[in-house]
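A quick write-up on the structure given underneath.
Only the coordinates and a few stated rules stand behind these numbers; no lab work does. All values derive from a computational prediction rather than experimental measurement. Cβ placement follows ideal geometry from the backbone for every residue including glycine, while neighbour counts extend to all protein chains displayed.
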Amino acid sequence: MARRRLLIVTGKGGVGKTSVTAAIAIAAARGGAKVLACEMDGSGRLAASLGSPPVGFEPSTIALDDTIAVDAMSMDTERALREYVRLFVKIPFADRVGSLARIFDYVADAAPGVREILAIGKVCHEVRRDNYDLVVVDAESTGHVVSQIDAPRAMSEFVHSGVIAEQTGWMSEILEDAERTGVVVVTVAEGLPVSETGELIDTITSRTGVSVASVIVNRVPEAGLDRDSVKALTSARDRGIPSAAAVLAAAERADRASGVLGDLLGVAGDGVAGAVLPEIDFADDEAMIAAGLAEQVEALVAHLTNDAGGADE
Ligand SMILES: Nc1ncnc2c1ncn2[C@@H]1O[C@H](COP(=O)(O)OP(=O)(O)OP(=O)(O)O)[C@@H](O)[C@H]1O
Ligand SMILES: [Mg+2]
């Protein structure tokens, strides 16, 4: 039974990856876990969702209230390279090697996968050194996540021995262990994102060694329109009343959500946990939205991270 230590949150742009990552981090911390939340895109949005000013590469502790805190970091591949060189290549003065930046740019541009492997390598390193119960990653979106999570394996196909093979070996071991690592795929219940999400799940499952642990349909409005209301609203919409169109669209999304989730879980296969998360109405306060979602993902997070609670797996 799985007790996941690394959750990688992905999905199409704008579907709520950052909000869900923050929500998972908050829920896990409330459940007593020591959590590191890591954003890959360096936008600073994850920290905002945790109610904090931007964080750097070194994990900062963000207090959620008087008793609960999470650590958060923002990926910086050059800093990751410096840390890597210091830890593994054992050059104690690596921090002072000024030209490392230029060498890095040269290598990263010349060899595809270098940035990806440094980023995912740093994440795996945090899992391996065991400072945290859970590392949750606000990962790249649909177009880039596969090359990121698959970077160690792709690299190992070219390099079979020596120090690089050794490094990609332990990274793949963590990433490909479904007991420890899982991808959380986020989508919304509308049109194109749904089919792209199905393709993403399929690609992750068939092309990488990393498992999908959960599928989340986000921003689902409260359902509950009876047939008469739908009729009245439809005629209002057809007379050009925008609020009626908005209410109808929300109701359609709500109706579609469970079907969408079912379809996507069908693509994902057995043992993948599904969840529907509501539209949270806090205007544009990212921290309030993440906190609201955190309550909604408590059971899911317990299921994904707690072997004792995995009876239904
Ligand atoms: N369940 C929700 N209810 C209400 N608003 C939400 C919900 N989930 C996300 N949002 C809002 O939608 C916007 C996009 O969400 P978020 O930034 O988490 O998406 P993202 O997938 O990380 O986007 P990007 O691809 O740009 O990184 C944000 O303003 C966020 O607050
Ligand atoms: Mg984001």
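Which of rounded, prolate, oblate describes the range 114-226, given a ≥ b ≥ c as roots of the alpha-carbon gyration tensor eigenvalues and a/c under 1.5 marking rounded, otherwise prolate only if a/b is larger than b/c?
prolate
Suppose R0 equals 41 Å; then what is the FRET efficiency for ARG128 and GLU199 from their Cβ-Cβ distance, rounded to the nearest 0.05?
Plugging the Cβ-Cβ distance into 1/(1 + (r/R0)^6) gives 0.85.
Would you grab the residues whose amide H sits under 5 Å from the one on VAL137? Only those 5+ places off in sequence or on another chain, please, with H modelled 1.01 Å from N.
Under 5 Å from the amide H of VAL137 lie the amide H atoms of LEU7, ILE8, VAL9, CYS38, each far enough along the sequence or on another chain.
Would you work out the relative contact order for the range 155-248, in percent, from Cα pairs under 8 angstrom that are 6 or more residues apart?
This gives 23 percent for the range 155-248.
Between the helical axis of 17-30 and the dominant principal axis of the chain, each derived from Cα atoms, what acute angle in degrees is found, rounded to the nearest 10?
80
May I ask you to sort LEU277, LEU248 by Cβ crowding, counting other Cβ atoms within 10 Å and putting the fewest first?
Lowest to highest Cβ neighbour count: LEU248, LEU277.
Let me make sure I get this right: for the chain, a, b and c are the square roots of the gyration tensor eigenvalues over alpha carbons, sorted descending. Under 1.5 in a/c it's rounded, otherwise prolate if a/b > b/c, else oblate. Which is it?
Because a/c hits 1.5 or more and a/b exceeds b/c, the chain counts as prolate.
Each residue of the range 244-259 in turn: what ³J(HN,Hα) in whole Hz from Karplus with 6.51, -1.76, 1.60 and θ = phi - 60°, glycine and Pro shown as x?
For the range 244-259, the Karplus-derived couplings read 5, 4, 5, 5, 5, 4, 5, 5, 5, 4, 4, 5, 6, 4, 6, x Hz, x marking Gly and Pro.
Under the definition of Cα pairs under 8 Å and six or more residues apart, what whole-number percent is the relative contact order of the chain? Don't skip to the answer; put the middle values down first.
Values: 557 pairs, mean separation 82.2, N = 313.
Dividing the mean separation by the residue count of the chain yields 26 percent.
What does the helix-only formula give at 222 nm for the chain: each DSSP H stretch with n ≥ 4 adding -39500 (n - 2.57), the total divided by the residues, and the result rounded to the nearest 500 deg cm²/dmol?
Taking each H run of at least 4 residues, the total per residue is -16000 deg cm²/dmol.
Rounded to the nearest 10 degrees, what's the angle between the helix 286-305 long axis and the longest principal axis of the chain, both from Cα atoms, 0 to 90?
Approximately 70 degrees, to the nearest ten.
Report the full-extension gain for the segment ALA245 to VAL163: residue separation times 0.36 nm, less the Cα-Cα distance, to one decimal in nm.
That works out to 23.5 nm of additional length.
Looking at the square roots a ≥ b ≥ c of the eigenvalues of the Cα gyration tensor of the range 208-313, which shape do they give, rounded for a/c under 1.5, prolate if a/b is larger than b/c, or oblate?
prolate
Scan the chain and report its longest stretch carrying no chymotrypsin sites (Phe, Trp or Tyr not before Pro) that are both in a DSSP loop and have at most 15 other Cβ atoms within 10 Å.
The longest uninterrupted stretch comes out as 94-281.
Applying 1/(1 + (r/R0)^6) with R0 = 30 Å to the Cβ-Cβ distance of GLU222 and ASP270, what FRET efficiency is obtained, to the nearest 0.05?
0.50
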